[in-house]
Amino acid sequence: MISSAVVATAAVEHLYVHIPFCPKVCPYCAFYKEASERNKTQAFLEAVLRELTMQTAMLAAENRVLRPRTIFFGGGTPSALSTAQLEFLLGGLRAALDLSQLVEWTLEMNPATVSLEKARALRALGVNRISMGVQSWEPELLLTLGRVHTAGQARRSYEILREAGFENINLDLIFGIPGQSPAQWQRSLERTIQLGPEHISAYNLTYEEDTEFFRRFSRGEFIQDDEADAALFEFTTDTLQAAGYAAYEISNFARPGRECAHNLAYWQGADYLGLGPSAFSTIGERRWAGVRDTAAYIARIAAGESATDFREHVPPATRLAERIAFGLRTNRGVALETLTPWRDDVAAHQEHGLLATSADGRRVLLTRKGRLVADAVALTFVG
């Protein structure tokens, strides 16, 4: 008798959808984006749903299935879409996917694009987490950042989200903005804490290539003060932790149980599928990304062609190194046994006060000092 083994279907549990449209392109942002165009939007939405069909067929051929535990709509500005457009896109996803295991569905919003009608529609469609880019509560700093919203709009948008029933909200903030004083940053933190969001992301401004801010930095119009930024980072950690927000990742702080499950999946090295222009996917030993051109993305998908313009092989050793580098950024750290090949490097970092062992001796974590130079420590494992 010939026996046949039953091969279990592997589930891909994390889905990212990139919406490239923005009301205005911010001068510091390096993500792929473009100004909103009405005559392009519907074709884009249809392309995303077609790409979903193409990608799920590809997964099925590999004995995999897309069964999301988390979904994240990023950009760009997903909330720049109208209520009807969001209903078309999210409704299409709901019809195409098994969402029985879904625990977190995040959508990024700009405070200038929030309405009660839109917020209620999102909640009804299953979105249960909002990430809103406030960035600053100071009017002059919002102008510096090129934001289209006011501080007043941000507060009202937060209230609207609560009225619509959202019980899991993240607010994004930026420190190290040109011209920002420590007192201004302190006020932004205090005002945010007073609102009581479940999650706060506090990012140090970086000057990314292909942005207006980088060009101004290169011309000497902006300067970066690493010591001042480090002081703001430490102040941020102390202030938010005192207010009940655990620093579960270097730039991310949450109330207990409100950590972003989608981002944690990335940092822990889970497989994920990305849809839309510039969106990355990593599944098994393959990594690919969509073309960084919305018109080209739409045309390729409409023709039944792949919209991928980047591919690379990611062997197990590389994925392990990435899990270590990202894992060290979290408050869980990395299992000590995982770091056996780098035993001497770990010992050296411990000697310099950058790494420490957990109380139970099973995990390695960045120290407070190590968090200030996390990227340099990570190079030990991925360089």
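The values are calculated or read from the model by the stated rules, or taken from the named source; none is laboratory data. Every value quoted in this text rests on a predicted model; they were computed, and no experiment measured them. Glycine gets a Cβ as well: all are built from the backbone with ideal geometry, and neighbour counts include every protein chain shown.
Points to keep in mind about this one:
- T211 being β-branched (V, I, T), under 25 Å from A261 (Cα atoms) and touching a residue at least 24 places away in the same chain (Cβ under 8 Å): no
- Across region 342-354, a minimum of one residue is classified as within 24 Å of F253 (Cα to Cα) and either of a type in the set (K, R) or modelled with pLDDT of 95 or more (or both).
- Of the residues making up region 194-201, not a single one is within 22 Å of I250 (Cβ to Cβ), surrounded by fewer than 18 Cβ atoms within 10 Å (Cβ to Cβ), in the same structural domain as Q153 (by TED's automatic domain parsing) and at pLDDT 95 or above.
- Scanning region 102-120 for residues that are surrounded by 19 or more Cβ atoms within 10 Å (Cβ to Cβ) and either touching a helix residue (DSSP H, G or I) at 6+ places or on another chain (Cβ under 7 Å) or among the small types (G, A, S) (or both) yields E104, T106, L107, E108, M109, N110, P111, T113, V114, K118, A119.
- Annotation: of all residues in region 335-383 being of a type in the set (S, T, N, Q) and in a helix (DSSP H, G or I), the one that is nearest to the chain's Cα centre (by Cα) is T380.
- Each residue in region 114-153 was checked for being in a strand (DSSP E or B) and without any contact (Cβ under 8 Å) to a residue 60 or more places away in the chain, and 5 pass.
- The residue that is surrounded by the fewest Cβ atoms within 10 Å (Cβ to Cβ), counting only those in region 353-377 that are over 26 Å from L232 (Cβ atoms) and among the charged types (D, E, K, R), is D360.
- Test result for R332, basic (K, R), within 30 Å of T236 (Cα to Cα) and in a loop (DSSP other than H, G, I, E, B): yes
- For region 214-249, the set of residues classified as surrounded by 17 or more Cβ atoms within 10 Å (Cβ to Cβ), in contact with a helix residue (DSSP H, G or I) (Cβ under 9 Å, 6 or more places away or on another chain) and part of a helix (DSSP H, G or I) consists of L232, F233, T236, T237, T239, L240, listed by residue number.
- Restricted to region 262-302, and to residues there that are surrounded by 17 or more Cβ atoms within 10 Å (Cβ to Cβ) and of a type in the set (F, W, Y), the residue that is farthest from the chain's Cα centre (by Cα) is Y297.
- Test: residue in region 154-163 that is touching a residue at least 40 places away in the same chain (Cβ under 8 Å), under 26 Å from F73 (Cα atoms), in contact with a strand residue (DSSP E or B) (Cβ under 8 Å, 6 or more places away or on another chain) and part of a loop (DSSP other than H, G, I, E, B): no
- Any hit, region 60-75, residues being closer than 29 Å to C29 by Cβ and in a helix (DSSP H, G or I): no
- Residue in region 197-205 that is without any contact (Cβ under 8 Å) to a residue 60 or more places away in the chain, touching a strand residue (DSSP E or B) at 6+ places or on another chain (Cβ under 9 Å) and among the hydrophobic types (A, V, I, L, M, F, W, C) present: yes
Residue-wise test of (1) in contact (Cβ under 8 Å) with a residue 24 or more places away in the chain; (2) acidic (D, E).
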{"residue": "Q186", "(1), (2)": "yes, no"}
{"residue": "R219", "(1), (2)": "no, no"}
{"residue": "T236", "(1), (2)": "yes, no"}
{"residue": "Y248", "(1), (2)": "yes, no"}
{"residue": "E259", "(1), (2)": "yes, yes"}
{"residue": "G269", "(1), (2)": "yes, no"}
{"residue": "L273", "(1), (2)": "yes, no"}
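- Screening region 250-261 for residues that are of a type in the set (G, A, S) and farther than 14 Å from L205 by Cα and picking the one that is surrounded by the fewest Cβ atoms within 10 Å (Cβ to Cβ) gives G257.
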